[in-house]
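Trainee: Below are the structure tokens for one structure; questions will follow.
Nothing in this text is a laboratory measurement; each read-out follows from the coordinates by a stated rule. Predicted, not measured: the structure shown is a model, and the values here were computed from it.
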Amino acid sequence: MLSTTFKRIPLHGCLALMPVLANAQIGPMLTTEPMRSVRQLGDGELSCAQIHAETQALEKTGQIHRAEAAQAQQVMTDTQNEMMKLASEGRGGVGSAIGGSLLGLIPGGSQVQGYAMQAAAEARRAGMQDSTNKMMQAQTRLVNAEQALEHVQARSEHLVDLFLKKGCKLSEVKAATDAAQ
């Protein structure tokens, strides 16, 4: 359930990314920590107040995971914009053509121009590599946050079903909680 707010990258941007993506450092995409089961053997023994308290805690956890997912999505969008900017900087304009022809008139000028172009291309490639790694890390965080959110929502739905099946009343649970405080 990944968000689909990505913009399209033009063809020259995709072509510029190919060498970078070939060398991308891909980390583990999913968390290694096991998720607790949505349904647990002891759920039937929970009181109405315990179900309500766990549901409230799950709501707070869900808000945290939503914030993490939104932050990761923003990082991905910012990185994508940065990559598109780097890709568009790779194309020379009229100034580079004029400069190249003038350097050709100087002995050894074309060699200097070649070194300068090579250094600029290497700097752009390194920037693209860093951006790709940043985007992949953000994607991993996004996937992990969305998976955790799905689990929290499934557990919460299970507890709400249990709450209703037991015939619990929210007004009674709140009254008992207020009386205990």
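Trainee: Which aspartates and glutamates, on any chain, are close to Lys174 with Cα under 16 Å apart, when same-chain ones fewer than 8 places away are left out?
Mentor: Result set, ordered by chain and number: Glu54.
Trainee: Going by the alpha-carbon gyration tensor, a ≥ b ≥ c the square roots of its eigenvalues, is the range 138-181 rounded (a/c under 1.5) or, if a/c is not under 1.5, prolate (a/b greater than b/c) versus oblate?
Mentor: oblate
Trainee: May I pose another question? Lysines within cross-link reach of Lys134: Cα-Cα under 20 Å, excluding same-chain residues under 8 positions apart?
Mentor: Lys7, Lys85
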